[in-house]
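The values are calculated or read from the model by the stated rules, or taken from the named source; none is laboratory data. Keep in mind that what you see is a predicted model, and the values were worked out from it rather than measured. Don't worry about glycine lacking a Cβ; one is built from the backbone with ideal geometry, like all the others, and counts go over all protein chains shown.
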Amino acid sequence: MPKQPDRRQELAAFLRSRRERVTPDEVGLPGTGRRRTPGLRREELALLAGISATWYTYLEQGREIRASEQVFESLASVLRLNRHERGHLLQLAGHAPPAEAEASEPLTPEVAAVPLLLQPHPAYIIDGNYDVLSHNQAADQLFPNLITEDDSPANFVRWVFLEPVARDVLVDWEPEARGLLARLRTLAGRHPTDPRFTRLIEELHEGSPQARAWWAQYEVQPRHSGRKRLRHPGREPVDYAYTAFHLAEQPEQTLVIYLAGGTEPAEGTRASAAALMGTVHPSA
């Protein structure tokens, strides 16, 4: 069972992965012919960021040193990180407080009933580590074997990577799976001591060659709404829009709703759901 790297090793690997993606041309450096490694050299990145090359090398070696937030802001700028990658970098560097480890709170009956009220539109509520806390019949039919009869909690990431039928349901399986894994890494970075994430990541490493390979690429991504193509068992692919809502009192618990094509919930369903969703905030 693979061990999860500590925070210094995570920081080192993340910096290295991003450095290798930036070309000299992108930062205005002259070409120097053939290079042994992709991207910038450590010395070039350090020079552009205005820091010591030795200190930067120590960071990529995972040594026990502490650099200021200003240093990491400068590195983020040179590495052309987007705001989510920058936040992840600061989290790994210890300049953003980790989310407190909290025991998963049970859903209130009112909130647990929301997916049922949204029938026939697939809907479910997930926890911060993608455990499925509540769902309706439409979700059960659209995502076969997501809900199992054993004692282990249903988990959407586990289903995508370890359930064979997921590759038929998710028409664009690879980009969907890669994006989901990037979102899991972002969430795991906020909860470095939460054993739920450690167990799930170890299970993915054991059971999925793709998860093992992609995890090493250190992609990060926030949760979001969007569109995806899904193939209902026995039917043709359908374009679904999905929307995520965070629960106000439990912000890591998320309600996800799928709408096929341009359909909308029936008026009665919208009214019933709205009456119960006064404590639910739309996802950012």
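Side notes on the structure shown:
- Unmet requirement for LEU146, which otherwise passes all of (1) closer than 20 Å to ARG235 by Cβ; (2) surrounded by fewer than 17 Cβ atoms within 10 Å (Cβ to Cβ); (3) under 19 Å from the mean Cα position of the chain (by Cα); (4) modelled with pLDDT under 95: (2)
- Any hit, the stretch 188-197, residues being more than 15 Å from the chain's Cα centre (by Cα) and in a helix (DSSP H, G or I): yes
- Each residue in the stretch 31-72 was checked for being part of a helix (DSSP H, G or I) and either surrounded by fewer than 16 Cβ atoms within 10 Å (Cβ to Cβ) or among the hydroxyl-bearing types (Ser, Thr, Tyr) (or both), and 9 pass.
- Filter result for GLU102 (under 30 Å from PHE197 (Cα atoms), modelled with pLDDT of 85 or more and of a type in the set (Asp, Glu)): no
- Cβ pairs under 7 Å, 6+ apart, first in the stretch 216-228 and outside any loop (DSSP other than H, G, I, E, B), second surrounded by 13 or more Cβ atoms within 10 Å (Cβ to Cβ) and of a type in the set (Ser, Thr, Tyr): GLY226/TYR242; ARG227/TYR240; LYS228/TYR240; LYS228/TYR242
- Among the numbered conditions (1) at pLDDT 90 or above; (2) assigned to a loop (DSSP other than H, G, I, E, B); (3) not aliphatic (A, V, I, L, M), the only one that SER134 does not meet is (2).
- Residue ID - farthest from TRP215 (Cα to Cα), chosen from residues in the stretch 1-40 that are at pLDDT 80 or above and among the acidic types (Asp, Glu): ASP25
- GLN119 being outside the structural domain of ARG19 (by TED's automatic domain parsing) and more than 21 Å from the chain's Cα centre (by Cα): yes
- The residue that is surrounded by the fewest Cβ atoms within 10 Å (Cβ to Cβ), among those in the stretch 169-201 that are of a type in the set (D, E, K, R) and either modelled with pLDDT under 95 or assigned by TED's automatic domain parsing to the domain that holds LEU11 (or both), is ARG199.
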